[in-house]
Amino acid sequence: MAIVVGTAEAKPGKLTRGELRVGSMADGSPIRLPVFIASGRKDGPTVWLEGCIHGEEYGGAASIIDFMRGVDVATLSGTIIGVPVANPASFNFRSRVSSIDGQNLNRIFPGSREGSHSFQLAAVIGELLAKYADYVIDLHSGGIGAEVPFYVIYKDDGTKTADRSKELAKRVGVDTIWRVQEAAGMGGTVTAESLRHEAPSVTIECGGGTFTEQHLQDYLTSIRGFMQATGVLPGEAPVQGRYTIISGGSFIHNREGGLFVPLCEVGDILPKGAPIARMIDLFGETVEEINNPYDDSYIAAIRCRFYPTHAGEICAEAIPVESHERV
Ligand SMILES: [Zn+2]
């Protein structure tokens, strides 16, 4: 089947590019997703590589641009569809949600052609996944106001596709894997959508407001590992000696606004009740202490130091350690 995404068309042995138009703004300017397609001469699977479904998480976009421009198509078996920015209406405003309808695109799949802009966009992406994607890798970060450690997420709905997702999660160069169960908060994500189409998928988390060279290298390690593990790129994907599986837990929301003062670091494993952060008001007085509500938990995200924060924002994520595993 010829692969065509908007104006981008797969050509064996070539890296091509184009745009996928998904509507227009009030002034008529088109809303379009940039699309790279790298196609090998040898047969193989098609991987959908995507960033900026949350528009402010721009490290993913930078990494996809770097990876796609550098990929050696002569070594490819199959095809990589690289979409640096999947959600222009949130990207343009450096926002997690859409500037047009306020929706979080990564919570509303499968979307609807009859819905608001984000629902329409989700439907378009879902149709493309159904048509072309054998595998999906989705890049995220802490956004501008937060930071995350380098780790991987897969969605576990008990299917064979989810088992394969877990195998792939072990090959992206990280030793911490968040297993998200069906009803545990990843409803409506693009990775849930890919599972519905029986395409194994992982989400990479890395970095946040400041995009360092290390963050770029970590994203590239995960992308290359995923491509190797799926057979699209030659070579052996990385393997870790031991994996920490985390599961359950959730976002932590503060109750009082002010400046956010972290009392731990991303990637820490904290016991129940350990301090995560405190909120101070503009006189420096502590107005809230935020403690870990769960047993031994991995700090999977934390807001930036002294970042201005309103009540009820996502200020951290604490995910309990579930088990340790080998490959
Ligand atoms: Zn995200």
Just to verify a result, which residue in segment 42-93, among those that are of a type in the set (Ser, Thr, Tyr) and more than 15 Å from the ligand (Cβ to nearest atom), is surrounded by the fewest Cβ atoms within 10 Å (Cβ to Cβ)? Thr75
Among residues belonging to segment 174-205 that are touching a Gly at 6+ places or on another chain (Cβ under 9 Å), in a loop (DSSP other than H, G, I, E, B) and among the acidic types (Asp, Glu), point out the one that is most open to solvent (accessible area, probe 1.4 Å). Glu182
By residue number, the members of segment 134-143 that are within 16 Å of the ligand (Cβ to nearest atom) and either open to solvent by 60 Å² or more (accessible area, probe 1.4 Å) or of a type in the set (Ser, Thr, Tyr) (or both) are Ser141
Test: Ile53 is outside any strand (DSSP E or B), of a type in the set (Val, Ile, Thr), assigned by TED's automatic domain parsing to the domain that holds Ser194 and within 22 Å of the chain's Cα centre (by Cα): yes
Residue list for segment 59-73, filter: without any contact (Cβ under 8 Å) to a residue 12 or more places away in the chain and assigned to a loop (DSSP other than H, G, I, E, B): Asp72
Condition check: at positive phi and open to solvent by 50 Å² or more (accessible area, probe 1.4 Å). Does Arg171 satisfy that? no
Looking at Ile276, Ile302, which one is within 16 Å of Gly209 (Cβ to Cβ) and in contact with a strand residue (DSSP E or B) (Cβ under 7 Å, 6 or more places away or on another chain)? Ile302
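Here is a yes/no grid of residues against (1) more than 14 Å from the ligand (Cβ to nearest atom); (2) closer than 21 Å to Pro200 by Cα:
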| site | (1), (2) |
| --- | --- |
| Ser95 | no, no |
| Asn106 | no, yes |
| Glu114 | yes, no |
| Gln120 | yes, no |
| Leu129 | yes, yes |
| Tyr132 | yes, yes |
Among the residues of segment 146-159, is there at least one that is within 13 Å of the ligand (Cβ to nearest atom), outside the structural domain of Glu265 (by TED's automatic domain parsing) and of a type in the set (Asp, Glu)? yes
Mind telling me which of the residues Gly225, Gly249, Gly267 ends up being modelled with pLDDT under 95, under 24 Å from the mean Cα position of the chain (by Cα) and within 25 Å of Gly143 (Cβ to Cβ)? Gly249
For segment 200-222, which residues satisfy the criterion of being under 16 Å from the mean Cα position of the chain (by Cα), away from the ligand (no atom under 16 Å from the Cβ) and either closer than 27 Å to Thr159 by Cβ or of a type in the set (Asp, Glu) (or both)? Pro200
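The values are calculated or read from the model by the stated rules, or taken from the named source; none is laboratory data. These numbers come from a predicted model, not from an experiment. Positions of Cβ are generated from backbone atoms using ideal geometry, with glycine treated the same way; all protein chains shown enter the neighbour counts. All accessible areas refer to the heavy atoms of the entire protein, side chains included, with ligands and DNA or RNA removed. Shrake-Rupley method; radii C 1.70, N 1.55, O 1.52, S 1.80 Å.
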